[in-house]
Every structure is written in C-alpha cells, then in structure tokens.
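No value in this document is a laboratory result; all are computed from the given coordinates. Please read these numbers as outputs of a predicted model, since none were measured by experiment. For neighbour counting, all protein chains shown are included, and Cβ atoms are generated from backbone atoms with ideal geometry for every residue, glycine included.
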Amino acid sequence: MGVSCGSQGKLTITDDDVIEKSNLSRQFLFRDWNIGQAKSTIAASAAASINSQLKIEALQNRVGPEIGSVFNDAFWENLTVAINALDNVDARLYVDQRCLYFQKPLLESGTLGAKCNTQMVIPYLTENYGASRDPPENQAPMCTVHSFPHNIDHCLTWAQSEFEGLLEKTPAEVNACLSNPVEYATSMRNAADAQAKDNLERILKCLDQGKCETFQDCVTWARLRFEDYFVNRIKQLKFTFPEDAAASTGAPFWSSPKRFPHQLQFSAVDPSHLQFIMAASILRAETFDIPVPDLVKSPKMLAEVVEKVIVPDFQPKEDVKIATDEKATCSAGSVDDVAVINQLLLKLELCRNNLSSEFRMKPIQFEKDDDTNFHVGLIAGLANIRARNYSIPEVDKLKAKLIAGRIIPAIATATVMATGLVCLELYKVLDGAHKVEDYRNTFSNLALPLFSMAEPVPPKVLKHRDMKWTVWDRWVLRDNPTLKQVIKWLKGNGLNAYSISYGNCLLFNSLFPRHQERLDRKVVEVVREFAKAELPPYRSHLDVSVACDDNEGNDMDIPPISIYYR
C-alpha cells in the first residue's frame, strides 16, 4: 500500500506481549525461533524486510492510561489514523476515547475462530466504538464454583483459582510480608476485613504447617491437599447438606442443577491421582526452591513415597457455614476480624523469627504454552478429579488449556480477512472527503459462510440555538481563562453554568457562597489547589465538565471544555 513509506510517514506499533507458541498459527510474521521475543519488535523487523522503505517504530508499551507520557498530546495531535488489533475491551475503550478526544479516525477489528468483524470510527461521521457495547459475559456465582459445580467450566475456574492462590498469590504475599513486616502488618490492621484475615491465614499456613524443606515435604503437602480437596471438603458438604436436605422453600436442596457429591478414595495406582501428586509436589518444590529428584520420573517410586504419608482422620464439624447465595461475590467480614488479625500477626511474628533473613518464596505465574512446566497438568488434574466428585464428564489437557488459558481460537484465514477489510477502509480514510455511506462495517463467519456489510451508524446530534454538537466535539477556550470568563463565555451562548468539575473534584457550584471567591482565579490554579492535580509538563490543557441549563431552565448536555493554560 505504500503507507508510511514517504519522507513524512511513520508507523508506530506497540505491544507489551512476547511471542508464544499459540501465536504462530494465526499470522505470518513470526517463526518458531521468535518464541519469547517481543511481538512488536519482530513484527516491525519482518515488515521492514518486506519493504525496506517502510518507516516503522516498535514499542513495548501496554495500551492504557498509564502510557500517557509516551502517547502524549503531541503524539495524538500528529496522528493521521489509529488501527486497533487488541484483545481486550479496556484497551479498545482507551484508544476509542483518545481518538474521540483528538478527533482521529479509528479502524477497529477483531477475530474469534472463523469469525471476524471490522468497525469504522470516523470523526463526526460515525458513532464511536464505546457507543455500543456487547452485554457482559455471565459469570458463575461464587458458591457454585466453590461448592456446587455442575459443569466442567466451573471445575476449571475453581482449579485455576486454587493454582493462583497456592502458587502465585500466597508466595507473593509471603514475600511482601517478609520484605517489610512492619508496613505489611500496618496495612493488614488498616484493612481489618475478611480478605486481610484470609491473607494472613494463608501466609501462616504456608510458613508453619505447610513449610517445605525437602521434596518429601512437598509430596506430603500434595497428598494432604488431595485429601482436603476431594475427601474432607466433600464430607463436610454432605454433613452440612445431607442428600435429603430441603431448601428454605421446601424443595429438595440437591435439585437440578446441583449435583450431589461423593468423596473419593486416594489410590496410588490411579494415574490421574498420581499425576496430580507429581504436578503439585513439583510446583510446590519450585516455590520453595527445592531441587526435584529423579524419583518423580518413576510412577512406582513416587507411589511408594506417597504411600508413606500419614493422613489424619477428618470429622465434619457442626458449625461450618457454606455459602449458598448465588448473588454473593465475596466473603463478608465479621466483627471479630480485628481481634483475629491481631492474633494472626502475633503468630506470624513468631514464625518469622524462625526463618532466615534471606528466605523468600518464588511465585509461579500460570504459563499455558510450556507443556513441560506442569501448570496445565495441575489445573487439568484439579478440575478432572473435582469433576469426579460431582459425576461431571472430564476433559483432556488440551480442552483444559483452552479454557484455563483463556485462549481465543483464531485462524490465519479470519485474520487475513479482517486485515484486508481494514486496509480497504484505510484507503478511504487516507483519501479523505468521504461521506458516511462510503464506509462499511463488516461481519463475516467463514464457517457458514456468511458475509455482511453495513453503513456505520452516525453519531447523535444535539442542538442549541445555532449551535450543534456530537460526541466528537469539545469546546476550546484558550489564553488561560478564569472561572468567571468560562461562565461568561457560556452565558454569551445562552447557557447558564451552575457547576464546574475537574474529574471527581467540584471546582465551582453556584449554591456554595465560598465558591464565589474562586471566580476571579485561573481555572488551572483552582484545579491545582483544590483537585490536587499534578499536571504533567507535556500537557498544555485540562478538561472540565460543566453542568448548565438554557434560559428556559432545561438541562443541557454539553461537550467537555478544554482549558488551554500554556
């Protein structure tokens, strides 16, 4: 196409991710030997090798508000067009808002398996990306995931939660506590909630009862986790809610979709049981930096070690409460949390005194693309053995990897189609002077096959007197005005401002007499003093929101006002 090949041209790409094995099948720029390298750098290098005249800059920044110093006002103002190829809604919305603010075209696209779609966001001609949103995905209630799963997705969600809690979050909390114990204890006392109590209990259990010094300790830990997950918890659940239990409505408690569970009996000759022990003990050893012996390669030797573990008897308790409220999303705190937290901190202090000052754990982040690291193996084992508890069909490691790794299926054909459709619209954007009916949003499903094209939806137009505006507009006031000058400018256009805000801070409200003292002050001064805003040196303006009505008392929804102070 020759884009960014001229003397004034430049293509800037950014991606904070590295190339993974699963990326290789959906595009043509990466090769096996690029795995582990930065996506943007390799993509830029590959593109430049195709066309040596291409002027391209590769960055490794994550797309979001935190990159304001990199993609600053000057960057956006000099931009011709933005093209999105993002994999999350938050990043898409961020770029959409920036393009909306600076009135820049945005070519949005996405793929899912054999499906692809493109959306054209053109200043003043179309609505923006954030104007229409897909409904949020339904999430399983916490009580269903933790105690009443009825499909394998629930089991995999629980398994991944346990993986992160045991191998990533708890070791990270341990390190935070050991690195700065005074500050950590203060933060826990200040929080004084159920989450703080849970964190301390996890740390204490990890450094006390669950501390591992040898690989045998790791095997013991893994065997006791099996007993806790798949035997003891099920016994307690059945004790609290027997098979003939009734709900508050009088209906059977264990009615569909609930499945009545059954505890398992550990067997060293069951391959899935032994594989769970192997994966769990190896990863536990990794968090404690313990060497893994060769015995794990021999199922027979590992089984002999597991059989030596003494498993204590378990008796269900009367006073255990199990959440059944499907609307609950987190555990609630209690009035005794403060006292319990103080007791836990005392125990933790005693435990910390028995550790060397250099002791630290190694948190493990889930990595789906390394088939030798036992991550997927552990999650698949946790999920499938739990599925047996509830008579749920099990899945293989590949299905577990797809769900737990949140891998979005993609094929190169759909990627190529989305790219081609975006490039066709890019010609129109660069050519300029096109009407909204010249552009096309597209949706395609290659598996059907289905191909649909439609004109973009125009933005909503608001009017007042001889003025009209859309979501694309922002009003600009230069020369560093005062609050009074802003209000006077609006008054001259038939708009009566009664409230001016910067973010969440109220700068002026006509109901407050003391706010009258601020009227003769520069807007930027009021923002710095009362909003405590630190305006970076690369910014030359700030934006305020104004609530106002017309002369007939009708509320008016006006664009943001940009106050230029430099």
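Below is a table of values for the structure above.
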read-out	value
Per principal axis, descending, Cα span of segment 85-244 in whole Å	65, 50, 33
Potential extension, A323-F102 segment - 0.36 nm per residue separation minus Cα distance	74.7 nm
Contour excess over end-to-end distance, with Cα ends at C423 and K300 and 0.36 nm allotted per residue	38.4 nm
³J(HN,Hα) computed for each position of segment 180-185 - Karplus, 6.51 cos²θ - 1.76 cosθ + 1.60, integer Hz, glycine/proline x	8, x, 5, 5, 5, 4
Histogram of C-alpha separations across segment 464-564, 10 Å bin width, %	14, 52, 29, 5, 0
Net lengthening on full extension, R521/A433 (0.36 nm per residue, minus Cα-Cα)	27.4 nm
Filtered chymotrypsin sites (Phe, Trp or Tyr not before Pro), segment 27-108: DSSP coil and at most 16 other beta carbons within 10 Å	F28
Set K205/K397; K238/K297; K115/K368; K205/K258 screened for pairs whose C-alpha atoms are more than 28 Å apart	K205/K397; K238/K297; K205/K258
Label point 7 Å beyond Cα of S49 along Cβ direction - residues of segment 3-22 with amide nitrogen under 16 Å	19
Approximate spin-label separation L506-M1, in nm, with each point projected 7 Å along Cα-to-Cβ	4.9 nm
Segment 386-417 and segment 1-76: distance between their alpha carbon centers, rounded to Å	29 Å
Value at 222 nm in deg cm²/dmol, rounded to 500, when DSSP H runs of n ≥ 4 in the chain each add -39,500 (n - 2.57)	-11500 deg cm²/dmol
Cut-off 13 Å between beta-carbons: net charge of the residues surrounding R465, Lys and Arg +1, Asp and Glu -1	0
Measure of compaction for segment 382-510 (Cα Rg per 2.2 N^0.38 Å)	1.92
Inter-probe distance in nm under a simple model that places probes 7 Å from Cα toward Cβ, at V338 and E358	4.2 nm
Zone residues, segment 442-483, relative to L79, backbone N less than 18 Å from point 7 Å out along Cα-to-Cβ	471-474
Compactness of the chain - radius of gyration and Dmax, Cα, Å	29.8, 88
Residues of segment 38-62 with amide N under 12 Å of a point placed 7 Å along Cα→Cβ from N88	62
Inter-label distance for D228 and E243, nm, one decimal - labels placed 7 Å from Cα along Cα-to-Cβ	2.9 nm
At R0 = 51 Å, FRET efficiency that the Cβ-Cβ distance of K211 and D555 yields, to 0.05	0.20
C351-I13 FRET efficiency (beta carbon distance; Förster radius 60 Å; 0.05 resolution)	0.75
